[in-house]
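Please read the structure below before turning to the comments.
The values are calculated or read from the model by the stated rules, or taken from the named source; none is laboratory data. Just so we're clear, the structure is a prediction, and the values are computed from it rather than from any experiment. Heads up, the Cβs are rebuilt from the backbone with ideal geometry, glycines too, and the neighbour counts pull from every protein chain shown.
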């Protein structure tokens, strides 16, 4: 072994050979043979920093194990992608785009309701995967993103909303399956080094928000080595010469984590047929999931991408069918900055333009996927979960030789279909934006710079979108809802609708809402209505104020009459005011609970709530 290291012309390794284990030597050989001898350039004599040297090999072992094919495969992939990047190679060269086949749904029509019912029935055969590897720093929030309140009327955080929605689906699905045994719907959460411990603490300190701990699995994502140049030289950590600089690999890692964890086999044995992937800060998502799942079941899609109507050139990827000159086809997300030039170069000299509907014919990708488990597992047997990667180096100049800073390979969850054969049944389901998509990802300062008319995607707009969706759903159910007013918070002009929120167990589908609204009901713009129970019926209610109804599952409550009070008001706050909690100031308002009618029913029985 000593001779083999000597042959590799790496003197610093040679002089440290006496302290290295055989496994260390093999790792060192692997690195040097693949052009990484610079990693050892500053290593001193044995006896100096030996523990740090051992820690280096521990890091290399982890990086080697966590990447499909190991570090050598990572380096080879990097060299190929970096060469393509330097040459300016077009990843879509030879492909012609077209609009793929999918389902466009209209909320509350007969077709939508049918799909919702089918999806609820199938929910008990579904596993959910939350891709939640990020902190809220980009939002101006120091916690993990899933701990951020989805709205501040109830204060329910995103993770609570998601878990309570899954539990509501679980209950509704099992009710429709008379004679079948009860099934718990599993939830996997992909975390990172930054979020893992805090996610576990959030779950444990809240008793998993009502879910059994055995239903929840945490999958921690690793990182990949940074790259210093076009030769794929691995970057040394600038703060520690014995460490490799690392960065996240992207949410595409969820596929390899699911494969290596063995969870997919467990789920299949438990009767799971579908795997639904979703992102961490979209408070509307579960209003679209039942119908979308129903589409997957009905159309027998192996891959179903949830989508929304997309304006041409909007900063959101488009779901596109690509057909190569050699006959290959695939249905994938094409990022907005790539779609326009691709269309110009192939089928439309005007590029990405709206059609007669007022929207682009290419649906907007919102990074929520429903995969058929059986075909997904077959594909992962071939790929071990590896997803087509990309690299995005920032070059110092037009020679495209030197980087401004280190880069790394990345992968995206939604690129999974790139690996699939042309025979794969890949489609999409388009939902109204107001129903399905209100992500929270921009801080107040960045959101205020968004051109007027474009989505802010902030905590402010995300909360207001929840109130809007609930108001519009109730309108469809026959409730008279006052029009919104326009107001500005943190420099963002938004519609302020009545602040209406209900727990998922009250209504997980539109049919649920309709069943629980009776008679002629109306809600004014200044009103707040919070429904926190399962068996609450709204009957001939006129609401001009705040109403809070909280009831245990075995309590049946009928709310009726004319409720009028001073309500809850919104008070503007400055996002720069550090005396205010982060989760409040990033919204630009706080709620003052001036007055309300409150009904709290904590014992089983039948009740009437009247003013």
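Inspect all residues belonging to the stretch 340-363 and state whether any of them is closer than 29 Å to residue 264 by Cα and surrounded by 22 or more Cβ atoms within 10 Å (Cβ to Cβ).
To start, the set of residues in the stretch 340-363 that are closer than 29 Å to residue 264 by Cα comprises none.
No, that holds for no residue.
From the residues in the stretch 126-140 that are modelled with pLDDT under 90 and in contact with a helix residue (DSSP H, G or I) (Cβ under 6 Å, 6 or more places away or on another chain), which one is surrounded by the most Cβ atoms within 10 Å (Cβ to Cβ)?
Out of the qualifying residues, it is 132.
For the condition modelled with pLDDT under 95, touching a helix residue (DSSP H, G or I) at 6+ places or on another chain (Cβ under 8 Å) and exposed (fewer than 15 other Cβ atoms within 10 Å of the Cβ), what is the one hit in 401, 383, 423? Reasoning before the result, please.
Details: 383 fails: exposed (fewer than 15 other Cβ atoms within 10 Å of the Cβ); 423 fails: touching a helix residue (DSSP H, G or I) at 6+ places or on another chain (Cβ under 8 Å).
Exactly one residue qualifies, and that residue is 401.
Got at least one residue in the stretch 131-146 being touching a strand residue (DSSP E or B) at 6+ places or on another chain (Cβ under 7 Å), within 30 Å of residue 377 (Cα to Cα) and part of a loop (DSSP other than H, G, I, E, B)?
Checked against the condition, which is being touching a strand residue (DSSP E or B) at 6+ places or on another chain (Cβ under 7 Å), within 30 Å of residue 377 (Cα to Cα) and part of a loop (DSSP other than H, G, I, E, B), the stretch 131-146 yields at least one hit.
If a residue counts only when it is farther than 22 Å from residue 299 by Cβ and in the same structural domain as residue 234 (by TED's automatic domain parsing), which strands (runs of 3 or more DSSP E) contained entirely in the stretch 309-402 have at least 2 such residues? Talk me through it step by step, then tell me what you get.
On the way: elements: 318-324, 329-334, 364-372, 389-391.
Output list reads 389-391.
How many residues are over 26 Å from the mean Cα position of the chain (by Cα) and more than 21 Å from residue 591 (Cβ to Cβ) when one looks only at the stretch 491-511?
So the count comes out to 1.
Just for the stretch 1-39: of the residues that are modelled with pLDDT under 80 and outside any helix (DSSP H, G or I), which one is surrounded by the most Cβ atoms within 10 Å (Cβ to Cβ)?
Within the stretch 1-39, the first condition is being modelled with pLDDT under 80, and the residues that meet it are 1-9.
Filter again for outside any helix (DSSP H, G or I), leaving 1, 8-9.
Numbers: 1: 12, 8: 16, 9: 10.
Taking the candidates together, the pick is 8.
Going by the conditions given, is residue 286 modelled with pLDDT of 95 or more, surrounded by fewer than 22 Cβ atoms within 10 Å (Cβ to Cβ) and not in a loop (DSSP other than H, G, I, E, B)? So that I can check it myself, show each step before the final result.
Numbers: modelled with pLDDT of 95 or more: yes; surrounded by fewer than 22 Cβ atoms within 10 Å (Cβ to Cβ): yes; not in a loop (DSSP other than H, G, I, E, B): yes.
Yes, satisfied.
Out of the stretch 317-337, which residues are surrounded by fewer than 20 Cβ atoms within 10 Å (Cβ to Cβ) and within 16 Å of residue 99 (Cβ to Cβ)?
321, 323, 329 - these are the residues of the stretch 317-337 that are surrounded by fewer than 20 Cβ atoms within 10 Å (Cβ to Cβ) and within 16 Å of residue 99 (Cβ to Cβ).
Can you pull out the residues in the stretch 58-75 that are part of a loop (DSSP other than H, G, I, E, B) and on the phi > 0 side of the Ramachandran plot?
Keep residues of the stretch 58-75 that are part of a loop (DSSP other than H, G, I, E, B), which gives 67-69.
Of everything in the stretch 58-75, just one residue is part of a loop (DSSP other than H, G, I, E, B) and on the phi > 0 side of the Ramachandran plot, namely 69.
Might you check whether a residue that is surrounded by fewer than 17 Cβ atoms within 10 Å (Cβ to Cβ), free of Cβ contacts under 8 Å to residues at least 60 places away in the same chain and in the same structural domain as residue 573 (by TED's automatic domain parsing) occurs anywhere in the stretch 466-475? Steps first, answer last, please.
Residues of the stretch 466-475 surrounded by fewer than 17 Cβ atoms within 10 Å (Cβ to Cβ): 475.
Now narrow it down to the ones that are free of Cβ contacts under 8 Å to residues at least 60 places away in the same chain: 475.
After this cut, where a residue has to be in the same structural domain as residue 573 (by TED's automatic domain parsing) as well, the list is 475.
Yes; the residues of the stretch 466-475 include at least one that is surrounded by fewer than 17 Cβ atoms within 10 Å (Cβ to Cβ), free of Cβ contacts under 8 Å to residues at least 60 places away in the same chain and in the same structural domain as residue 573 (by TED's automatic domain parsing).
Can you tell me which condition residue 100 does not meet? The list is (1) surrounded by 15 or more Cβ atoms within 10 Å (Cβ to Cβ); (2) in contact with a helix residue (DSSP H, G or I) (Cβ under 9 Å, 6 or more places away or on another chain), and all the others hold.
(2)
What are the pairs, 6+ residues apart or on separate chains, where a residue within the stretch 107-125 that is at positive phi has its Cβ under 7 Å from a residue that is assigned to a helix (DSSP H, G or I) and modelled with pLDDT of 95 or more?
Between residues of the stretch 107-125 that are at positive phi and residues that are assigned to a helix (DSSP H, G or I) and modelled with pLDDT of 95 or more, the close pairs are 108/476; 108/510.
Among the residues of the stretch 477-490 satisfying the criterion of being exposed (fewer than 15 other Cβ atoms within 10 Å of the Cβ) and outside any loop (DSSP other than H, G, I, E, B), which is farthest from the chain's Cα centre (by Cα)? Steps first, please.
Residues of the stretch 477-490 that are exposed (fewer than 15 other Cβ atoms within 10 Å of the Cβ), as a first pass: 478, 480, 483, 485-486, 488.
Keeping just the survivors that are outside any loop (DSSP other than H, G, I, E, B) gives 480, 485-486, 488.
Numbers: 480: 34, 485: 30, 486: 29, 488: 28 Å.
Restricting to residues being exposed (fewer than 15 other Cβ atoms within 10 Å of the Cβ) and outside any loop (DSSP other than H, G, I, E, B), the top hit is 480.
Name every residue in the stretch 147-179 that is in contact (Cβ under 8 Å) with a residue 40 or more places away in the chain, outside any helix (DSSP H, G or I) and over 19 Å from residue 438 (Cβ atoms), in order of residue number.
Selection gives 176, 177.
Which residues, taken from the stretch 448-462, are more than 17 Å from the chain's Cα centre (by Cα), part of a helix (DSSP H, G or I) and closer than 21 Å to residue 161 by Cβ?
460, 461
Counting only residues that are touching a helix residue (DSSP H, G or I) at 6+ places or on another chain (Cβ under 7 Å), buried (at least 20 other Cβ atoms within 10 Å of the Cβ) and either at pLDDT 95 or above or at positive phi (or both), how many does the stretch 240-258 have?
Here is the first cut: in the stretch 240-258, the ones touching a helix residue (DSSP H, G or I) at 6+ places or on another chain (Cβ under 7 Å) are 242-244, 251-252, 254-255, 258.
This time we only want the ones that are buried (at least 20 other Cβ atoms within 10 Å of the Cβ), so: 244, 251-252, 254-255, 258.
Filter once more, so that each one left must be either at pLDDT 95 or above or at positive phi (or both): 244, 254-255, 258.
Total satisfying the criteria: 4.
If you take the residues in the stretch 181-200 that are free of Cβ contacts under 8 Å to residues at least 12 places away in the same chain and either outside the structural domain of residue 276 (by TED's automatic domain parsing) or over 17 Å from residue 219 (Cβ atoms) (or both), which one is farthest from the chain's Cα centre (by Cα)?
181
Please work out which one of (1) out of contact with any strand residue (DSSP E or B) (no Cβ under 9 Å at 6 or more places or on another chain); (2) without any contact (Cβ under 8 Å) to a residue 60 or more places away in the chain is the condition residue 454 fails and give its number.
Just one mismatch for residue 454, condition (2).
Is it the case that residue 294 is in contact with a helix residue (DSSP H, G or I) (Cβ under 7 Å, 6 or more places away or on another chain) and either surrounded by fewer than 24 Cβ atoms within 10 Å (Cβ to Cβ) or part of a helix (DSSP H, G or I) (or both)? It would help to see each step written out before you state the result.
Values: in contact with a helix residue (DSSP H, G or I) (Cβ under 7 Å, 6 or more places away or on another chain): yes; either surrounded by fewer than 24 Cβ atoms within 10 Å (Cβ to Cβ) or part of a helix (DSSP H, G or I) (or both): yes.
Taking the combined requirement at face value, the residue satisfies it.
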